[in-house]
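Worksheet: one structure, shown below.
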Amino acid sequence: VLRGVVQRGSVQSLEAVLFYADLRGFTQLADSTPIAELVSMLDDYLDCMAGPVERRGGSVLKFMGDGLLATFGLGDSRRSDVCRTALDAGAEAIAAVARLNQDRVAAGKASMQLDLALHLGEVMYGNIGSRERLDFTVISSSVNETSRLEGLCKTLGARLLFSETFAVATARQDLVDLGEHDLKGVSSKRRVFTLDGFTSAVAVMRPVSSST
């Protein structure tokens, strides 16, 4: 904005880690919770999600009701470093939500679980929208894939999932391979990964080739 890059269609292509988080159970709570209480509760949960991203240099692009979309641009950094940073942010966000849930349950209040997906891909980043309303956001098939990946969290009983592209780029050796799965709107099956301790599903450990 300060550079004056605010025109409709002012976009650029870049490679980034996509961080897509969503609260499981929000819709049901929204039907039975007074609006003022609902907003206050949502703010607390969004703080848990956004704080770790911002502290590690990521960009929160938008809040989407009970979730958020954020990115970690690669810039001149190594892929493995950025992916590990995003993974640390995701783990911290999940831990923060778990602590918030403990406090809420102890106070007799409702709680929600955080589902989180990470992916690495090319995105178009900039100002997109109508003639009267612009949105600073990212678009690409990678964004759709990340959203669909997050949707698998409930099916797989997982709090954290990430793509094979992201898994390979992390160059970590402690990855849990959950196998290949269909993602709605994606033409072929995608191999899905998590870390030990973030899923209750029966997972199979498989070797993952790595590169930076």
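The values are calculated or read from the model by the stated rules, or taken from the named source; none is laboratory data. Computed from a predicted model, the values in this text were never measured in an experiment. Please note: Cβ atoms are built from the backbone with ideal geometry, for glycine as well, and neighbour counts cover all protein chains shown. Accessible surface is based on the protein model in full, side chains and every heavy atom, while ligands, DNA and RNA are left aside. Shrake-Rupley method; radii C 1.70, N 1.55, O 1.52, S 1.80 Å.
Yes/no per residue for (1) assigned to a loop (DSSP other than H, G, I, E, B); (2) open to solvent by 60 Å² or more (accessible area, probe 1.4 Å); (3) over 17 Å from Arg79 (Cα atoms):
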| residue | (1), (2), (3) |
| --- | --- |
| Val143 | no, no, yes |
| Arg148 | no, yes, yes |
| Leu152 | no, no, yes |
| Thr155 | no, yes, yes |
| Val168 | no, no, no |
| Leu178 | no, no, yes |
| Leu183 | yes, no, yes |
| Ser187 | yes, yes, yes |
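Go through (1) open to solvent by less than 70 Å² (accessible area, probe 1.4 Å); (2) at pLDDT below 90 one by one and return the number of the condition Phe136 breaks. With (1) open to solvent by less than 70 Å² (accessible area, probe 1.4 Å); (2) at pLDDT below 90 applied to Phe136, the lone miss is (1). The residues on offer are Glu15, Glu37, and the sole one that is over 27 Å from Ala95 (Cβ atoms) and modelled with pLDDT of 85 or more is Glu15. Just one of the listed residues (Gln28, Gln102, Gln12) is under 23 Å from Thr146 (Cβ atoms), open to solvent by 70 Å² or more (accessible area, probe 1.4 Å) and over 14 Å from the mean Cα position of the chain (by Cα), and it is Gln12.
Is it true that Thr71 is modelled with pLDDT of 95 or more, polar (S, T, N, Q) and either open to solvent by less than 70 Å² (accessible area, probe 1.4 Å) or not in a helix (DSSP H, G or I) (or both)? For Thr71, the condition - modelled with pLDDT of 95 or more, polar (S, T, N, Q) and either open to solvent by less than 70 Å² (accessible area, probe 1.4 Å) or not in a helix (DSSP H, G or I) (or both) - is not met.
Every residue in the range 157-166 that is among the small types (Gly, Ala, Ser) and closer than 27 Å to Ser77 by Cα, please. Step through it out loud before you land on a result.
Looking only at the range 157-166, we keep the residues that are among the small types (Gly, Ala, Ser), and these are 157-158, 163.
The answer is Ser163, and nothing else.
Within the range 76-87, is even one residue within 18 Å of Leu160 (Cα to Cα) and open to solvent by 30 Å² or more (accessible area, probe 1.4 Å)? Yes, the conditions are met somewhere in the range 76-87.
Going by the structure shown, is Ala91 aliphatic (A, V, I, L, M) and in contact with a Gly (Cβ under 8 Å, 6 or more places away or on another chain)? First the steps, then the outcome.
Working: aliphatic (A, V, I, L, M): yes; in contact with a Gly (Cβ under 8 Å, 6 or more places away or on another chain): no.
When the stated conditions are applied, Ala91 does not pass them.
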